[in-house]
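What follows is one structure encoded as structure tokens, with my remarks underneath.
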Amino acid sequence: MSLPVPSASAPFYPAAIAGHDSEAGARYTVRSPATGEPIAEVADCGAEVAQVAADSAQRGFEQWRQTTPFERAALLKAWHGAMLEAKETLALTMAREMGKPIREARGEVDYAAGFIEWFAEQAKRIDGDILPSPHPEKRLSVLRQPVGPVFAITPWNFPAAMITRKVAPGLAAGCSVIVKPAEQTPITALMLAELWRQVGGPAEVFQVITAERPAAISEVLMADARIRKLTFTGSTPVGKRLYAQSAATMKRMSLELGGHAPFLVFDDADIDAAVTEVMASKFRNGGQTCVCTNRIYVQRGIFDAFAERLAAAAAALAIGDPEDEATQVGPLVSQAGRDKAQAHIDDALAKGAQRLTPALSVDGLYVAPTVLTGVTPEMRIMQEETFGPVAPLIVFDDEAEAIAAANDTPFGLAAYLWTRSLGRAARVSEALDYGIVGVNDGAPSVPNAPFGGVKDSGLGREGGHYGIDEYLDCKFVSTRLD
Ligand code: NAD
């Protein structure tokens, strides 16, 4: 890796745009959420640079679409290998730019690289179809071709995986991709582009454009009819705005938006195992995960025992410096993120909830892992995505009540349940209005499975063969033989 790890000397990282040198242009400062100190300077690109990126992406697409799937697979495999070799550098970068605990950051590198490996293999399986013909003189076939240049907008909470989950299927399909990473986490994205170039990937095929404020870039690329697809992961309000903007150029859309995941724990559960899965689902990444459990419904018979054990596990989590190997919960990514999580706790306590965990006061952007009981539907935490380490517990009596409460939200990304009954597992998972359901499983995402939501949680799927379909158009060819 020729790019440095971000540090107190705040090195400069140019944007990865083919045909553009951002050395002399505007810059912005990236700060560590753990210390508040500057750790990098990054190019602050605007509309003109976005135009250069779009021109390059179009040229890149014209060349890349001519390559065979086998050539694309070989380059993706090389990129996958380079990423794993750079694991420590990438993990440390994520710990510094977003505050992800270092052990989780290493896990994210493996998870993110897994998408590249899987889609490298899948490139060779973009099969078409031969259809039976009702006319003896005609042959009917279906080709699957790349949609064209793609614009990808990614969030800060998984600075590597949210990029590979979009770029790898795009490149495997034969598209070129421009990524606009979150303003908080541009460096991991730039490192991924650098690794792509180092293994011989064409610079025009995968570009990264950075900016402190995204709107100017986004408006240029959304209005450009040559960009044939938008793939966005982020908040629901921004996703809806982009969805409306896409109508003018009729872009294909994939929208991975917010969640408000329920976790239903039935009274036949193995309580310790259920606590383990709820901990994984609630507290990893400091609760800043779109599929994070946000509401935990526990059946009355085991409520008190479950609450006590969950509170003990949450209180035992090690909070601190993300670079410390022992840390399990780092800082939240921003002041706004910290304030929102704290406001959800304060609002719940003011409306009658009880806190079962110690109210630690830690300086900076940290929020103590918190378990709350006595939570009621009018509390903010029951209406909105918290994106922080706060676990509200709600008691329920029967299956129908739990399903109704779980579905009573505009969101539909991930839901979880814990039961030892096979019948209940089947009934409840079928009745939940969500794109992903974890049955006795608090971490259900893998590269070869579809990931995405319904309702206000978005459109389309990433991962698996479903994920590459989003980057392919199907073309029907009817050939008359005489
Ligand atoms: P956000 O919507 O503010 O930002 C996400 C990205 O959109 C960033 O790159 C940002 O710069 C960009 N953006 C913001 N305003 C824009 C605009 N007007 N035009 C173009 N781009 C714009 O979201 P966030 O707070 O950074 O991320 C957290 C959200 O992402 C949460 O709601 C979370 O649930 C969601 N998320 C969803 C998934 C999923 O797969 N469904 C995964 C991770 C995060």
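The values are calculated or read from the model by the stated rules, or taken from the named source; none is laboratory data. Bear in mind that the values here come from a model prediction, so they are computed numbers and not experimental data. Methodologically, a virtual Cβ is constructed for each residue, glycine included, from the backbone with ideal geometry; neighbour enumeration extends over all protein chains shown.
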Taking the criterion of being aliphatic (A, V, I, L, M), buried (at least 18 other Cβ atoms within 10 Å of the Cβ) and assigned to a strand (DSSP E or B), would at least one residue in segment 295-309 satisfy it? yes
The lone condition LEU349 fails out of (1) in a helix (DSSP H, G or I); (2) crowded, with 21+ Cβ neighbours inside 10 Å is (2)
Could you please give the count of residues in segment 392-446 that are within 14 Å of CYS290 (Cα to Cα) and over 21 Å from the mean Cα position of the chain (by Cα)? 0
So is VAL147 within 19 Å of GLN66 (Cβ to Cβ) and either more than 16 Å from the ligand (Cβ to nearest atom) or surrounded by 17 or more Cβ atoms within 10 Å (Cβ to Cβ) (or both) or not? yes
Every residue in segment 406-425 that is closer than 17 Å to THR386 by Cβ, hydrophobic (A, V, I, L, M, F, W, C) and more than 13 Å from the ligand (Cβ to nearest atom), please. ALA406, ALA415
Report yes if GLY174 is buried (at least 24 other Cβ atoms within 10 Å of the Cβ), more than 21 Å from the chain's Cα centre (by Cα) and on the phi > 0 side of the Ramachandran plot, otherwise no. yes
Looking for something among the β-branched types (Val, Ile, Thr) and under 17 Å from GLN354 (Cβ atoms) - is there at least one such residue anywhere in segment 288-300? yes
Could you give me the residue pairs with C-beta distances under 8 Å whose first residue belongs to segment 1-18 and is exposed (fewer than 14 other Cβ atoms within 10 Å of the Cβ), whose second residue is at pLDDT 95 or above and in a loop (DSSP other than H, G, I, E, B) wherever it lies, and which are 6+ apart or on separate chains? ALA8/GLU37
For segment 57-104, give me each residue that is under 30 Å from GLY388 (Cβ atoms) and either free of Cβ contacts under 8 Å to residues at least 60 places away in the same chain or in contact with a strand residue (DSSP E or B) (Cβ under 8 Å, 6 or more places away or on another chain) (or both). LYS87, GLU88, ALA91, ARG96, GLU97, PRO101
Which of (1) buried (at least 23 other Cβ atoms within 10 Å of the Cβ); (2) among the basic types (Lys, Arg); (3) farther than 27 Å from GLY114 by Cβ is the odd one out, the single condition ARG241 does not satisfy? (1)
Check ALA274, ALA280 and return the single one that is part of a helix (DSSP H, G or I), surrounded by fewer than 24 Cβ atoms within 10 Å (Cβ to Cβ) and away from the ligand (no atom under 13 Å from the Cβ). ALA280
Top-ranked residue in segment 151-168 [being under 15 Å from GLU256 (Cα atoms) and part of a helix (DSSP H, G or I); ranked as nearest to the ligand (Cβ to nearest atom)]: MET162
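Table: residues versus (1) touching a residue at least 60 places away in the same chain (Cβ under 8 Å); (2) not aliphatic (A, V, I, L, M).
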{"site": "SER429", "(1), (2)": "no, yes"}
{"site": "GLY435", "(1), (2)": "no, yes"}
{"site": "GLY442", "(1), (2)": "yes, yes"}
{"site": "SER445", "(1), (2)": "yes, yes"}
{"site": "ALA449", "(1), (2)": "no, no"}
{"site": "ASP456", "(1), (2)": "yes, yes"}
{"site": "GLY463", "(1), (2)": "yes, yes"}
{"site": "TYR466", "(1), (2)": "no, yes"}
{"site": "THR479", "(1), (2)": "yes, yes"}
Tell me, which residue of segment 229-247 that is within 20 Å of ASP469 (Cβ to Cβ) and of a type in the set (A, V, I, L, M, F, W, C) is nearest to the ligand (Cβ to nearest atom)? PHE232
Has segment 236-253 got any residue that is more than 16 Å from the chain's Cα centre (by Cα) and in a loop (DSSP other than H, G, I, E, B)? yes
Residue check, HIS344 against (1) surrounded by fewer than 22 Cβ atoms within 10 Å (Cβ to Cβ); (2) at pLDDT 95 or above, all met but one. Which one? (1)
Pairs, first farther than 20 Å from THR89 by Cβ in segment 195-213, second charged (D, E, K, R) and part of a helix (DSSP H, G or I), C-beta under 8 Å, six or more apart: ALA203/ARG197; GLU204/ARG59
So which residues in segment 192-229 are more than 20 Å from GLY25 (Cα to Cα) and within 19 Å of the chain's Cα centre (by Cα)? LEU192, PHE206, LYS229
Enumeration of residues in segment 188-228 that are among the β-branched types (Val, Ile, Thr) and away from the ligand (no atom under 14 Å from the Cβ): VAL199, VAL205
Qualifying residue in segment 74-96 (condition: hydrophobic (A, V, I, L, M, F, W, C) and in contact with a Ser or Thr (Cβ under 7 Å, 6 or more places away or on another chain)): yes
Could you check how many residues of segment 210-232 are within 22 Å of LEU459 (Cβ to Cβ), in a loop (DSSP other than H, G, I, E, B), out of contact with any helix residue (DSSP H, G or I) (no Cβ under 6 Å at 6 or more places or on another chain) and not basic (Lys, Arg)? 1
Can you tell me which condition MET250 does not meet? The list is (1) within 30 Å of LYS455 (Cβ to Cβ); (2) touching a strand residue (DSSP E or B) at 6+ places or on another chain (Cβ under 6 Å); (3) away from the ligand (no atom under 11 Å from the Cβ), and all the others hold. (2)
From the list VAL205, VAL199, VAL167, which residue is of a type in the set (A, V, I, L, M), touching a strand residue (DSSP E or B) at 6+ places or on another chain (Cβ under 6 Å) and modelled with pLDDT of 95 or more? VAL167
Considering every residue within segment 458-467, establish whether at least one is within 16 Å of the ligand (Cβ to nearest atom), in a strand (DSSP E or B) and surrounded by fewer than 22 Cβ atoms within 10 Å (Cβ to Cβ). yes
